[in-house]
1. Please determine, by comparing only the residues of region 54-90 that are over 21 Å from GLU105 (Cβ atoms) and open to solvent by 50 Å² or more (accessible area, probe 1.4 Å), which one is modelled with the highest pLDDT.
2. Quick one: which residue in ALA245, ALA194 is surrounded by fewer than 16 Cβ atoms within 10 Å (Cβ to Cβ) and not basic (Lys, Arg)?
3. Against the definition (under 16 Å from LEU50 (Cα atoms), over 17 Å from the mean Cα position of the chain (by Cα) and not acidic (Asp, Glu)), how does LEU106 come out, yes or no?
4. For the list (1) under 20 Å from PRO66 (Cα atoms); (2) surrounded by 14 or more Cβ atoms within 10 Å (Cβ to Cβ), I need the number of the one condition that THR94 fails.
5. What are the pairs with Cβ atoms under 9 angstrom where one residue, in region 29-49, is at positive phi and the other, located anywhere, is open to solvent by 10 Å² or more (accessible area, probe 1.4 Å) and at pLDDT below 95? Sequence gap at least six, or different chains.
6. Looking only at region 146-153, decide whether some residue is open to solvent by 80 Å² or more (accessible area, probe 1.4 Å), at pLDDT below 95 and in a helix (DSSP H, G or I).
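The values are calculated or read from the model by the stated rules, or taken from the named source; none is laboratory data. These numbers were taken from a predicted model, which means no experiment stands behind them. Note that each Cβ is placed from the backbone with ideal geometry, even for glycine, and that neighbours are counted across all protein chains shown. With ligands, DNA and RNA removed, areas are computed over all heavy atoms of the protein, side chains included. Shrake-Rupley method; radii C 1.70, N 1.55, O 1.52, S 1.80 Å.
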Amino acid sequence: MRWRSFVAVGDSFTEGMNDAYPDGTYRGWADLVATRLAVEAGPEFGYANLAIRGRLFPNVVAEQVPAALAMRPDLISFAAGGNDVLRRNFDANTLVERFDGVIGELRATGADVLIFRFADVMARLPGQRLVAPRVTLLNRMVGETAERHGAMLVDLYADDEFLNPVLWSADRLHLSPAGHRRVAAHVLSALGLAPDEQWLVVPPRPAPTPWLAARGADLRWAGQHLAPWIKRRMTGRSSGDTVTAKRPVLTPFTD
């Protein structure tokens, strides 16, 4: 076992929304992976999760990357940019350049680095015509960066099971517990470790919803999830404004 420490960097995807522990805090794929790595490495294994929901790429780089570098872990996961593609002022060229530089900086420490091609979340969200090409660009950039710097690529986009709505939570943007388990399985496979087979079991897709019922569900979703998101954008706020990292220090991990 070559990984004695793991630091996870990113936004809500890595924080673990919406996969709740019994006490209401979030678990997510990174905690699931850390649990397995801790079993493999023993009691000296350390884990930190610096991810905070709502963070844009520049914030992740400015706030979390220096902290991760200071910990000098054996393994780092980096997943950011998903919130940026939803913004009107998205600048693809700047993001591509900065992403490559960050991964190069992380790899220069000697750490193994995990990066992700995002699953197709836009299939059930509005704005697909605008955002989908941005996600495609981001995913292509991630693959090229992984090859250039020798990072480990976790290709969620290639897994068509993520088109199953059961793998997504009610807000249609964040993974469900089943989705987080499937991501954890992909990460462990990328690390050369056999995942729990149950994590790859996906419940059957729900039966097609009649048109009228589907439109009613869309309206309820818009009121409960889309409208608050738009309000935060208009007021310059973020869902993570009052949130701090759930594991800001590299410490022994027990789930």
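1. Among those that are over 21 Å from GLU105 (Cβ atoms) and open to solvent by 50 Å² or more (accessible area, probe 1.4 Å), it is ASN89.
2. Working: ALA245 fails: surrounded by fewer than 16 Cβ atoms within 10 Å (Cβ to Cβ).
After applying the criteria, what remains is ALA194.
3. The answer is yes for LEU106.
4. Failing condition for THR94: (2).
5. Every condition considered, the pairs that remain are GLY42/MET1.
6. no
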